[in-house]
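Enquirer: Below are the structure tokens for one structure; questions will follow.
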Amino acid sequence: QEYMDHLRTKLEREKYISNTIGAQIKISDRDVRYHYEKNRKEFPGDFEKEKDKVYTLLFNERLESAVKAYLTRQKRKSFIEIKNEALVDLR
């Protein structure tokens, strides 16, 4: 049961991240092609064969960055809300 609860929580977290942050990530064919050409040594096949792998790598890189930025914004927002609540209590 504990494992199932952990798995459910993990899947819910991934779904939330995908829907709120991942949906905002835009990767063009040009971005994919550029990354493929720039890192040609990492991809043994031709572009058409490697395209999905390159897209996934780019998406994961951008997702990681986007999640960090999102968490920073949420922490800043939470700090401001807590600070404002504290000020109200002082009055």
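The values are calculated or read from the model by the stated rules, or taken from the named source; none is laboratory data. This is a predicted model, so every value here is computed, not measured. Because the Cβ atoms are built from the backbone with ideal geometry, glycine has one as well, and the counts that use them run over all protein chains shown. Surface areas here come from the heavy atoms of the whole protein model, side chains and all, with no ligands, DNA or RNA. Shrake-Rupley method; radii C 1.70, N 1.55, O 1.52, S 1.80 Å.
Enquirer: What accessible area per residue, rounded to a whole number of Å², is obtained for region 36-76 using a probe radius of 1.4 Å?
Expert: Computed with neighbouring chains in place, this is 78 Å² per residue.
Enquirer: Still on this model: Report which label in (1) 67, 37, 19; (2) 51, 23, 20; (3) 42, 25, 22 holds the value of Cα extents along the principal axes in Å derived from the coordinates of this structure.
Expert: Here Cα extents along the principal axes in Å agrees with entry (1).
Enquirer: Compute the label zone of Asp29 within region 40-63: residues whose backbone N is under 12 Å from the point 7 Å along Cα-to-Cβ.
Expert: 48
Enquirer: What accessible area, in Å² to the nearest ten, does a 1.4 Å probe give for Thr20?
Expert: Looks like 40 Å² after rounding.
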